[in-house]
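To start, the structure under review is shown below, and the notes come after it.
Just so you know, all these numbers are worked out from the coordinates, no wet-lab data involved. Keep in mind the model is a prediction, meaning the values are calculated, not measured. Here the Cβ positions follow ideal geometry from the backbone for every residue, glycine too, while neighbour counts run over all protein chains shown.
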Amino acid sequence: MSEQWQYQLRVYLPDELVDTARTNLDSPALAPLSVILGKHHATMMSQFDAFAGYVAEAERHGIEAYPLYAWTKATIEDPAKRAKHLKSFALHVNGREIYSRDEADALETDLQPLVGGNLIERLSKHDTNPANNPQPPEQYRQRKIT
């Protein structure tokens, strides 16, 4: 049944590489990671930057059309959560945020030797199964008006 799910890998970088990864992916400090990403036609984006982009888009177009706006805004404004999400980078394959298990597994296999060194602290794989993903806390759930 897991074939129905799509996947996303995330890498967690040390504090000293976060700003470099957000602004200069061509930096020599990131070269081993960049080579692997290139092989898999992958890019990476800071989770914080993705969240901030979502909030900015919602504010430009009207927050009522963005059901996760309040929760996402609260997340990026919380200092501890901000620090956590700055270190986390979602890997996109061929421009897609989620991709097949085979694509995720191949990328994960190639990245694994870098984990635990001075480039990648941790690597995680996430699937689209709602049971495995956090749901908005009650105070951020939209209520339908009837």
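Structural remarks
- Other-chain or far-sequence residues with amide H under 5 Å of T128's (modelled H): Q6
- 20 Å reach of a label modelled at N118, 7 Å along Cα-to-Cβ, counting backbone N of region 11-27: 12-27
- Peptide packing: for 129-136, 86-93, the average count of neighbouring Cβ atoms within 10 Å per residue gives the ranking 86-93, 129-136, highest mean first.
- Other-chain or far-sequence residues with amide H under 5 Å of A42's (modelled H): N94
- Entry for mean projected area of the Cα convex hull in nm² (calculated from the structure that is shown) out of (i) 9.4; (ii) 8.4; (iii) 10.5: (iii)
- E64-R82 pseudo-label distance in nm [points 7 Å out on the Cα-to-Cβ vector]: 3.0 nm
- Derived scalar couplings ³J(HN,Hα) [region 119-132; Karplus, 6.51 cos²θ - 1.76 cosθ + 1.60; whole Hz; x for Gly, Pro]: 10, 10, 6, 7, 10, 9, 10, 10, 10, 8, 5, x, 5, 9
- Using just its DSSP H runs of length 4 or more, each adding -39500 (n - 2.57), the chain gives a mean residue ellipticity at 222 nm of -12500 deg cm²/dmol after division by all residues.
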